[in-house]
1. Rounded if a/c is under 1.5, else prolate if a/b is larger than b/c, else oblate: which is region 344-396, with a ≥ b ≥ c the root eigenvalues of its Cα gyration tensor?
2. Taking only DSSP H segments of four or more residues, each worth -39500 (n - 2.57), what value at 222 nm results for the chain once the sum is divided by all its residues, to the nearest 500 deg cm²/dmol?
3. Just want the answer: with Cβ charges of +1 for Lys and Arg and -1 for Asp and Glu, which residue in 276, 297, 309 is farthest toward the dipole's positive end in region 265-334?
4. Give the long-range amide H neighbours of residue 426: residues separated by 5 or more places, or on another chain, with amide H under 5 Å away, using H modelled in the peptide plane at 1.01 Å from N.
5. Probe of 1.4 angstrom, ligands and nucleic acids ignored: what's the accessible area per residue over the chain, in square angstrom?
6. Could you list log10 I(q)/I(0) for region 146-216 at q = 0.17 Å⁻¹, which the Debye formula gives when each Cα is one point scatterer?
7. Can you work out the Karplus-derived ³J(HN,Hα) for every residue in region 218-223? Use 6.51 cos²θ - 1.76 cosθ + 1.60 with θ = phi - 60°, whole Hz, and x for glycine or proline.
8. For the chain, what % of the accessible area comes from carbon and sulfur atoms, probe 1.4 Å?
Amino acid sequence: MSEKRINSLVPPEIMRNTFEFSNKMRTLNSERAEKKGRAMYAFVLTFGCQQNEADSEKIAGMARAMGYDMVSTPEEADLIMVNTCAVREHAEKKALSTIGQFKHLKAKNPELMIGVCGCMVTQEHRRDEIKMRYPYVDFIFGTSSLHRFPELLYEKTVKGKRLFCPEEDEYLVAEGLGINRESSYRAWVSIMYGCNNFCSYCIVPYVRGRERSRLMEDIVGEVEALAKDGYKDITLLGQNVNSYAKDSDQGYDFADLMARLSMIEGDFKLHFMTSHPKDASKKLIDVMAENDKIARHFHLPVQSGSDKVLSEMNRHYNKAQYLETVRYIKEKMPDITLTTDIIVGFPGETEEDFEQTLEILKEVRFDMIFSFIYSPRKGTPAAERIEQVDEKVKSERFARLLATQNEISLEKNLPFVGKTVRVLCDGPSKNNDELLSGRTEGNKIVFFAGEKSNEGKYLNIKIDRAEAFALYGEKI
Ligand code: SAH
Ligand code: SF4
Ligand code: F3S
């Protein structure tokens, strides 16, 4: 492993460069806007996880600093940014086909700028693919080069030559980039970037680089500002938050960070994701149990219930160790909402291995699971294995997994009927505009009738009906 550092910050002269290009682009854009008689518009499209959502809020923040107004459709935009994901084949296919659809927009408007960034294009073969097959894409940068966005956009706009930003020698943390938050009550806060775990199926360590943590003082400053602005739900992000600050010599860890953030005043809840079971510490669980600022929600991805599969996945825990962590969490916080991730059809997974996964679902009784069919990722060890599970077997197991979990989810939701829960309201439901939706502290979805103006507020909802995926109730 690399030597520990004092911090992993992008050097100030490079950040100055970013801000200089941003200002130049702003000047250019204000001239263009004057000519057009309207503002310059940017559209940011995001694939993938919350970490990517958080990065996109920075991309939008930088776009705003460069004089763009944000719009919600690509058709109106002068600048389109696509922030891609590589975690499964489906995510890459979706991104590529969407980029494909932008070809006709470019044909209609040659001045349109199209940038592609994120995890997918941090892979050499995908960069080459964009270079060759998507000639209308103007510039590309990977996950280590977010802060180079203004420079690339400016250079491409002024000089016209397509730009493929090379990967940085060292992945660092850029502080001070503007953030254009999507919501005024739920916020993402990245506390660290990258991953050192190299689970054998996973592309993330290859496309996000090694772990580097932000300084506690920077995170505290950001959360204090969010609390002051009235944010109610603040989610700390990292691929494995449990290894927060282990890359530095700061002398604090994730549990210390949570304890410190819990001291910030305001009516908000702290969430975090994701936590790797191999180092979810008792210290962290104790800090959670002692602080009611920390949401009673633990997302602890188990991936499989088979010790053989877990070992081949390079997860560094076995079923017994996982169950012991869960036991301790439940002992300290009986009202905890537990969720997990499961992969079905990992290479070499037998029927018995799969049955052990069903078994662990029944033992732990998660409130909810996020389940995925294994997708081979180029360059990862698992993708090289010859014992790939047949597609038909994978989907059959996937269906059985869902059926088992649906029953458990429903059983776990039924006791809420008749109880009152506090919910953070998200406004009108996406599928039924007569209902509002909201989420409990444990992230359970609740539907109820009410005024749109309740969005962003905490409400008390008396539950009168439960389904596997949602609770229904009445505002009191
Ligand atoms: N860092 C997080 C996970 C990030 S990826 C953690 O370790 O928990 C989110 C989820 O995607 C993983 O938990 C895993 O269940 C799933 N996943 C990752 N790679 C995958 C692959 N190649 N095929 C299918 N699912 C995958
Ligand atoms: Fe992927 Fe494992 Fe890292 Fe999570 S911990 S991002 S699953 S390598
Ligand atoms: Fe996808 Fe990258 Fe997240 S691969 S899941 S966007 S870290």
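1. Because a/c hits 1.5 or more and a/b exceeds b/c, region 344-396 counts as prolate.
2. That calculation yields -11500 deg cm²/dmol at 222 nm.
3. Checking the options against the dipole of region 265-334, the answer is 309.
4. 437, 438, 439, 456
5. 45 Å²
6. The Cα Debye sum returns log10 ratios of -0.90.
7. 5, 5, 4, x, 5, 5
8. Percent of accessible area from carbon and sulfur atoms in the chain: 50.
The values are calculated or read from the model by the stated rules, or taken from the named source; none is laboratory data. Every value quoted in this text rests on a predicted model; they were computed, and no experiment measured them. For neighbour counting, all protein chains shown are included, and Cβ atoms are generated from backbone atoms with ideal geometry for every residue, glycine included. The area values use the complete protein model at the heavy-atom level, side chains included, leaving out ligands, DNA and RNA. Shrake-Rupley method; radii C 1.70, N 1.55, O 1.52, S 1.80 Å.
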